[in-house]
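The values are calculated or read from the model by the stated rules, or taken from the named source; none is laboratory data. Only a predicted model underlies this, so the values are computations on that prediction, with no experimental measurement involved. Reconstructed Cβ throughout: ideal geometry from the backbone, glycine too, with neighbour counts over all protein chains shown. To get the accessible areas, we keep the full protein, side chains included, count just its heavy atoms, and leave off ligands, DNA and RNA. Shrake-Rupley method; radii C 1.70, N 1.55, O 1.52, S 1.80 Å.
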Amino acid sequence: STTTPEDNDNSYEAEFERLKYAFRVLTRLLSSHFSPLIFILDDLQWADTASLQTIDFLLSDTENERGLVIIGLYRSNEVSEAHLLSQTLDVLDSKCTAVGLNITTIEVQCLDISCVNQIIMAMLGIDDEGVTKSLAELCFRRTLGNPFFVIEFMTMLEIENMISFNLGLLKWKWDEKAIEESTMSTSNVVDLLQARMKRLPENLQILMHYAACLGAEFKRYPLETILTESTFKDSDSIKPEDFHDMFRELQNGNFIEKSGPMSFRWIHDKIQEAALSYGLALKPDFQYNVGFVLYCNLSGEEFEEMLFDIVNLINKGAHTQRPDFAKLNLRAAKKARRTSAFDSASSYSKIGIKLLPDNKWTEHSQLALELYTLGTEMEVALGSNDTAEEYINEVLSQNHLTQLEKLPVYIAKAHKLCNIESQYQMALDFLCRTLREFGYWVPVGVMQPFHALRVLRRTMNAAKKRPKSSYETPKLMTDASHKAAMSFLTRIFYASYFTGRQFLLVFSASQMVQMTLDHGVSPLSGQAYACFGMITNAVLGDFKTSAFFAETAMVIQESIRSKYMECQTLYLCSEEFLSWIRPIQAQLELLQRAYSLGMRSGNIEYALWARFTLGFETAYVMGKPLQSIIEACERMVPNMEDLKQKEQVWATRCGWQLALNLRGLAENELVLEGQALQKDQVSESKPAKVLQAFLQSELYLFFAQHKQAAESALERGEEFKEVVSGTWVMIETFHRAVALYAMARKTRKSKYSRPASRLRKRIAKWAKTGNPNVKHHNSFLQAEHAAFKGKYKDAKGHYEEAIKTAARTGHLHHAGLFNERFADLLQTNLMDEEESVFRLKEAIRWYGEWGADLKVKLLSNNLNQWKRE
């Protein structure tokens, strides 16, 4: 009845994200042919959460370069400050600058007396305003200028013969005093409509009462079912052969209109409201009885088509402890969930729970479990965490339920803690406790390093013995408990990553691979191998073995064919491992594919990590122009915020601010703070903190604050490598070594030279074992080391080689940095003024191409001052 934990492709979240993304792609496509593309959406006061989120998603699309206009209409008198629509408008208003959105509010007032007079003149065919002016004033007092009300009021006057056409005089006649007296109590349109309805034949009134129960649009067959049912004594006078003529009369009276071959809709919702507000419709349980007749007499497609109407009508009844109706609400909730109507699904679940009898957990355990489980999912989706927690506690307190029966609720709670509330430590404690309750071993307390390393090596050796080809047609994991354990371990890995719990990270990755080896492949196995490869690289520094796990993960993923998990596996493999054995440029296509797959499958989290890696991380590591990075971040952040991906937003804002600082667009170039990253914007996750510290140190490095950069490098130590991996580790390790060598050359202190030498040797090993992305890193550090040792001739050769490689591969930032450091050697140690000036000019040129305008200005000032001296 509910989505299994490993079936991520069909989860309610994935379905909704796919739906929103499909609308966005469709809008982009249509906008490319019709610009501006205009949508007109009426009655937004009735829109649900999912619909309003989709509208927000379309309007916030910073990558849609064509014009999009949404004209939304709503009744302001039905929308309070707490209304969903008001909240959505406030959110859109706050995004105007960020996404380039223009919001225009046009308050459509009711018609004034002059306009009412113009309508009356048009209806009566009169050209002289003075003739109808007093009638218009009277009509305005009765209708307050509402156009629909004005027309209904004039129609009522004609029906009541208070206004009539005199054939002898060939003009309209009316008695204003009589109208004033006769209509004094008619203060709204519902009264007018009811007065008109009461003059209809009884059979037509009965038909309208029943039709009004079926919604704004209705079909003929349910009305025929209701009116031929002997339960309703009021319908005895209606014969089936009269139906056609009755519908035609209601159409001629402008009450309804045809919307299809056998379907109709009300001309205005006030007509439907009027039909439900008098006579037969006021009887106790009238709407409930209508729903119950349909419940008893419809079946198959007809029942399914009218499911929501039937359930809504039955829920109007004053009844309690009805398991059959609770089951009906569950059915409606599931259907609403499938269409991403989370508000409706939540409402049906709540009503279903209320309809359960007191002995629900003994006599109707499965029904209660499904209602509470679905209710939990919907409350989490809507952000109603207190209600969700109430439902979760209700299910988990039922000792007679098995752990597997409670599984969806366990998963929902883990998702709430991790993905909604970002309570990673609480999530970790909950998941470890739950896994133990399922009968699986989880280390208690702090896992010792030697134990973690032993687990890692044992699993690695066992996995390497199995050839990759064996996964092309793998044995599948079938045991439900093992599948549940895989799901928990995946989330333990996720929470451990964000809390910096390294040994639990090792444990969870190892256990997932071991379970795949022992019990078969699950939809999570591809990701498990990718995660294990990441850990192998981080802990052992063995990226060739990591590449083996990455390739195996890809083979497993191909056999599973889950687009949702393929996105995850592709991202992890391309970002974490393949960049160690292939040029970074070769990974861009895989990352783009991961992003596309994630958006299409609803795996928003990993899709946006892929987008971050494409838009900032790889662009920065490869030294792409800073302005293009700024523009990419400006587009990414609003979309990430729309999709509520806090960690990706934080990382992108940090990168964006770094680029702004380097361009000189910050108040203080040495502080990672400003337009993109406000002082009060913080993240408590471990990866976010170490990333921010690294990006802050980048400012020290590029603005030649070498002491601060070196002290930051010493303070951070290996923390970055322990939490973050992939291409980030390469550049962080390299820049840490650059800062340390700069201070080692300046101070000759071993506190700088020793860690610098260790990092140099590490990068040299990477280059020797085939990492194509660190060749210029290696050459430059060899130059710095030679300069530190006083081997200036060797240093000069290495500098020239590093500069040539960086320039050839398009690393603009490194070409500038290498020339700057070479100029320092030439000026300070070799006293070669001419070459030093040339290298400084080259540094200015490369930094200029990179877009580091403030750096260019500072170097230019230094150059001019040096020339003067």
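Within region 394-415, the set of residues being more than 14 Å from Ala368 (Cβ to Cβ), assigned to a helix (DSSP H, G or I) and either of a type outside the set (Gly, Ala, Ser) or in contact (Cβ under 8 Å) with a residue 60 or more places away in the chain (or both) comprises Leu407, Tyr410, Ile411, Lys413, Ala414, His415. Check region 649-663 and report whether any residue there is surrounded by fewer than 18 Cβ atoms within 10 Å (Cβ to Cβ) and in contact (Cβ under 8 Å) with a residue 12 or more places away in the chain. So far as region 649-663 goes, no, none of its residues is surrounded by fewer than 18 Cβ atoms within 10 Å (Cβ to Cβ) and in contact (Cβ under 8 Å) with a residue 12 or more places away in the chain. In summary, Asn77 fulfils each of the numbered conditions (1) surrounded by 13 or more Cβ atoms within 10 Å (Cβ to Cβ); (2) in a helix (DSSP H, G or I) with the single exception of condition (1).
Which one of these is in contact with a Ser or Thr (Cβ under 8 Å, 6 or more places away or on another chain) and of a type in the set (Gly, Ala, Ser): Gly598, Gly664, Gly623, Gly602? Let's see the steps before the verdict.
Working: Gly598 fails: in contact with a Ser or Thr (Cβ under 8 Å, 6 or more places away or on another chain); Gly664 fails: in contact with a Ser or Thr (Cβ under 8 Å, 6 or more places away or on another chain); Gly623 fails: in contact with a Ser or Thr (Cβ under 8 Å, 6 or more places away or on another chain).
Residue meeting the stated conditions: Gly602.
The single condition from (1) buried (at least 23 other Cβ atoms within 10 Å of the Cβ); (2) modelled with pLDDT of 95 or more that Leu313 fails is (2).
Asn8 meets each of the listed conditions (1) under 29 Å from His415 (Cα atoms); (2) open to solvent by 20 Å² or more (accessible area, probe 1.4 Å); (3) modelled with pLDDT of 85 or more apart from (3).
May I ask you to list the residues in region 641-675 that are over 25 Å from Ile844 (Cα atoms), of a type in the set (S, T, N, Q) and part of a loop (DSSP other than H, G, I, E, B)? Those that are over 25 Å from Ile844 (Cα atoms), of a type in the set (S, T, N, Q) and part of a loop (DSSP other than H, G, I, E, B): Gln645, Gln675.
Name the residue, out of Asp128, Asp112, that is loosely packed, with under 15 Cβ neighbours inside 10 Å, out of contact with any strand residue (DSSP E or B) (no Cβ under 9 Å at 6 or more places or on another chain) and free of Cβ contacts under 8 Å to residues at least 12 places away in the same chain. Walk me through how you get there before you give the answer.
Details: Asp112 fails: free of Cβ contacts under 8 Å to residues at least 12 places away in the same chain.
The match here is Asp128.
Among the conditions (1) open to solvent by less than 10 Å² (accessible area, probe 1.4 Å); (2) free of Cβ contacts under 8 Å to residues at least 60 places away in the same chain; (3) of a type in the set (A, V, I, L, M), the only one that Leu428 does not satisfy is (2).
Across region 137-192, the number of residues qualifying as closer than 15 Å to Met121 by Cβ, open to solvent by 40 Å² or more (accessible area, probe 1.4 Å) and among the aliphatic types (A, V, I, L, M) comes to 1.
With respect to Lys867, determine if the residue is surrounded by fewer than 15 Cβ atoms within 10 Å (Cβ to Cβ) and either touching a residue at least 60 places away in the same chain (Cβ under 8 Å) or at negative phi (or both).
Details: surrounded by fewer than 15 Cβ atoms within 10 Å (Cβ to Cβ): yes; either touching a residue at least 60 places away in the same chain (Cβ under 8 Å) or at negative phi (or both): yes.
Judged against the criteria, Lys867 is a match.
Looking at Arg457, is it open to solvent by 60 Å² or more (accessible area, probe 1.4 Å) and over 30 Å from Gln648 (Cβ atoms)? The answer is yes for Arg457.
Within the option set Ile70, Ile106, being under 26 Å from Pro147 (Cα atoms), out of contact with any Leu (no Cβ under 7 Å at 6 or more places or on another chain), modelled with pLDDT of 90 or more and not in a helix (DSSP H, G or I) holds for one residue only, Ile106. Residues of region 317-365 that are surrounded by fewer than 22 Cβ atoms within 10 Å (Cβ to Cβ), over 33 Å from the mean Cα position of the chain (by Cα) and at pLDDT 90 or above: Arg322, Pro323, Asp324, Pro357, Asp358, Asn359, Lys360, Trp361, Thr362, Glu363, His364, Ser365.
Being under 29 Å from Val409 (Cβ atoms), among the hydrophobic types (A, V, I, L, M, F, W, C) and either without any contact (Cβ under 8 Å) to a residue 24 or more places away in the chain or open to solvent by less than 70 Å² (accessible area, probe 1.4 Å) (or both) is the requirement here; does Leu52 meet it?
Numbers: under 29 Å from Val409 (Cβ atoms): yes; among the hydrophobic types (A, V, I, L, M, F, W, C): yes; either without any contact (Cβ under 8 Å) to a residue 24 or more places away in the chain or open to solvent by less than 70 Å² (accessible area, probe 1.4 Å) (or both): yes.
For Leu52, the condition - under 29 Å from Val409 (Cβ atoms), among the hydrophobic types (A, V, I, L, M, F, W, C) and either without any contact (Cβ under 8 Å) to a residue 24 or more places away in the chain or open to solvent by less than 70 Å² (accessible area, probe 1.4 Å) (or both) - is met.
Just give me the residues in region 270-296 being surrounded by fewer than 15 Cβ atoms within 10 Å (Cβ to Cβ) and assigned to a helix (DSSP H, G or I), in sequence order. Answer for region 270-296, where residues must be surrounded by fewer than 15 Cβ atoms within 10 Å (Cβ to Cβ) and assigned to a helix (DSSP H, G or I): Leu282, Cys296.
Checked against the criterion of being surrounded by 12 or more Cβ atoms within 10 Å (Cβ to Cβ), in contact with an Asp or Glu (Cβ under 7 Å, 6 or more places away or on another chain) and in contact (Cβ under 8 Å) with a residue 40 or more places away in the chain, region 240-254 contains not a single residue that satisfies it. Taking Val539, is it open to solvent by 10 Å² or more (accessible area, probe 1.4 Å), aliphatic (A, V, I, L, M) and modelled with pLDDT under 90? Taking the combined requirement at face value, the residue satisfies it. On the basis of being hydrophobic (A, V, I, L, M, F, W, C) and open to solvent by less than 20 Å² (accessible area, probe 1.4 Å), does Ala98 make the cut? When the stated conditions are applied, Ala98 does not pass them. Filtered by the rule that a residue be outside any helix (DSSP H, G or I), closer than 22 Å to Trp728 by Cβ and not polar (S, T, N, Q), region 554-604 gives Phe577, Ile581, Arg582, Pro583. Does region 435-446 include one or more residues that are of a type in the set (Asp, Glu), more than 20 Å from Ser559 (Cβ to Cβ) and either modelled with pLDDT under 85 or within 28 Å of the chain's Cα centre (by Cα) (or both)? No, the conditions are met nowhere in region 435-446. Taking region 11-33 as the range and being closer than 17 Å to Ser562 by Cβ and in contact with a strand residue (DSSP E or B) (Cβ under 7 Å, 6 or more places away or on another chain) as the test, no residue passes. Quick check on region 62-79. Is at least one of its residues among the polar types (S, T, N, Q), without any contact (Cβ under 8 Å) to a residue 12 or more places away in the chain and over 30 Å from Gln557 (Cβ atoms)? Checking region 62-79: at least one residue is among the polar types (S, T, N, Q), without any contact (Cβ under 8 Å) to a residue 12 or more places away in the chain and over 30 Å from Gln557 (Cβ atoms). Where residues in region 366-390 are of a type in the set (Ser, Thr, Tyr) and open to solvent by less than 30 Å² (accessible area, probe 1.4 Å), which of them is farthest from Lys416 (Cα to Cα)? It comes out as Tyr372. For region 785-816, name all the residues that are of a type in the set (Asp, Glu) and not in a helix (DSSP H, G or I). Of everything in region 785-816, nothing turns out to be of a type in the set (Asp, Glu) and not in a helix (DSSP H, G or I).
Please determine, by comparing only the residues of region 42-66 that are under 17 Å from the mean Cα position of the chain (by Cα) and among the aliphatic types (A, V, I, L, M), which one is nearest to Ser94 (Cα to Cα). Step by step, filter region 42-66, then rank; the result is Leu59.
Here are Asn393, Asn399: which of them is at pLDDT 90 or above, over 28 Å from the mean Cα position of the chain (by Cα) and open to solvent by 30 Å² or more (accessible area, probe 1.4 Å)? Explain how you work it out, then say what you get.
Working: Asn393 fails: over 28 Å from the mean Cα position of the chain (by Cα).
It is Asn399.
Taking into account only those residues within region 302-361 that are in contact (Cβ under 8 Å) with a residue 60 or more places away in the chain and part of a loop (DSSP other than H, G, I, E, B), which is nearest to Ala216 (Cα to Cα)? Going through the qualifying residues, I end up with Met306.
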